[in-house]
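Notes to accompany the following structure.
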Ligand code: HEC
C-alpha cells in the first residue's frame, strides 16, 4: 500500500521530464532553422561589414558579381564561400579579405547568414569548417 503513492509520483516525474525534453528538442530544432544565434549574429556583421557593397537585400551594389542572392557560389560548396570571405577576390572589383578582422565564429555566422537569408536556402557553415579552411588556405593564399 505504501509503495503506490511513490510509484505514482515517479511516473508523473518521468512523464514531466520526457515532456520537458520533448519541448526542448522542438525549441532547439526549431531554432536551427532561421533563428539560430549565428544567423542573427551574421545579420549584424553583414549590416556592419558587407551591406555597403552588397546591398541590404543581397542584390549587389557595385557590379553583378556583388549579387549574393541566388548566387551559385554563395549557396554552393561551403569552402568556396569561406575562401572568398576570408581571403577576398579580385575581379571587376575588389572584395576585401576578412581573415584579420573576423574570427572563425564571425565568418561562420556571416557565411551562414548570406546562405540563408533572402531566397537563399543552403546549409549553415560552422566555425570548425572556417578554422580548418583558415589553416590550409592561409598558406595557399600566401597570407
Ligand atoms: C568594399 C566592398 C565590399 C565589401 C565591404 C564586401 N564585399 Fe564581398 N564582394 C565585393 C566585390 C567587388 C565582389 C566581386 C569580386 C569580383 O568581381 O570577383 C564581392 C564578392 C563577394 C562574394 C562572391 C559572390 C559570388 O557570387 O561570386 C561573396 C560571397 C562576398 N563578396 C561576401 C562578402 C561578405 C560576407 C562581406 C562582409 C563580411 C563582404 N563580401 C564585404 C565587394 C565587397
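The values are calculated or read from the model by the stated rules, or taken from the named source; none is laboratory data. Not measured: the values here are computed from a predicted model. Virtual Cβ from ideal backbone geometry, glycine too; neighbours counted across all protein chains shown.
Given the structure, is residue 104 more than 10 Å from the ligand (Cβ to nearest atom) and under 12 Å from residue 134 (Cα atoms)? Please lay out each step first, then the result.
Working: more than 10 Å from the ligand (Cβ to nearest atom): yes; under 12 Å from residue 134 (Cα atoms): yes.
Considered against the rule, which asks whether it is more than 10 Å from the ligand (Cβ to nearest atom) and under 12 Å from residue 134 (Cα atoms), residue 104 comes out as yes.
Applying the set (1) closer than 18 Å to residue 53 by Cβ; (2) surrounded by fewer than 18 Cβ atoms within 10 Å (Cβ to Cβ) to residue 135 leaves exactly one unmet item: (1).
Is it true that residue 45 is under 20 Å from residue 134 (Cβ atoms), in contact with a strand residue (DSSP E or B) (Cβ under 9 Å, 6 or more places away or on another chain) and modelled with pLDDT of 95 or more? Please lay out each step first, then the result.
On the way: under 20 Å from residue 134 (Cβ atoms): yes; in contact with a strand residue (DSSP E or B) (Cβ under 9 Å, 6 or more places away or on another chain): no; modelled with pLDDT of 95 or more: yes.
For residue 45, the condition - under 20 Å from residue 134 (Cβ atoms), in contact with a strand residue (DSSP E or B) (Cβ under 9 Å, 6 or more places away or on another chain) and modelled with pLDDT of 95 or more - is not met.
Filter the stretch 65-74 down to the residues that are surrounded by 15 or more Cβ atoms within 10 Å (Cβ to Cβ) and either within 9 Å of the ligand (Cβ to nearest atom) or free of Cβ contacts under 8 Å to residues at least 12 places away in the same chain (or both) and list them by number. If the condition is that a residue be surrounded by 15 or more Cβ atoms within 10 Å (Cβ to Cβ) and either within 9 Å of the ligand (Cβ to nearest atom) or free of Cβ contacts under 8 Å to residues at least 12 places away in the same chain (or both), then 66, 67, 68, 71, 74 are the ones that fit.
Is one or more of the residues making up the stretch 82-100 assigned by TED's automatic domain parsing to the domain that holds residue 133, more than 8 Å from the ligand (Cβ to nearest atom), surrounded by fewer than 13 Cβ atoms within 10 Å (Cβ to Cβ) and farther than 22 Å from residue 134 by Cα? For the stretch 82-100, residues assigned by TED's automatic domain parsing to the domain that holds residue 133, more than 8 Å from the ligand (Cβ to nearest atom), surrounded by fewer than 13 Cβ atoms within 10 Å (Cβ to Cβ) and farther than 22 Å from residue 134 by Cα: absent.
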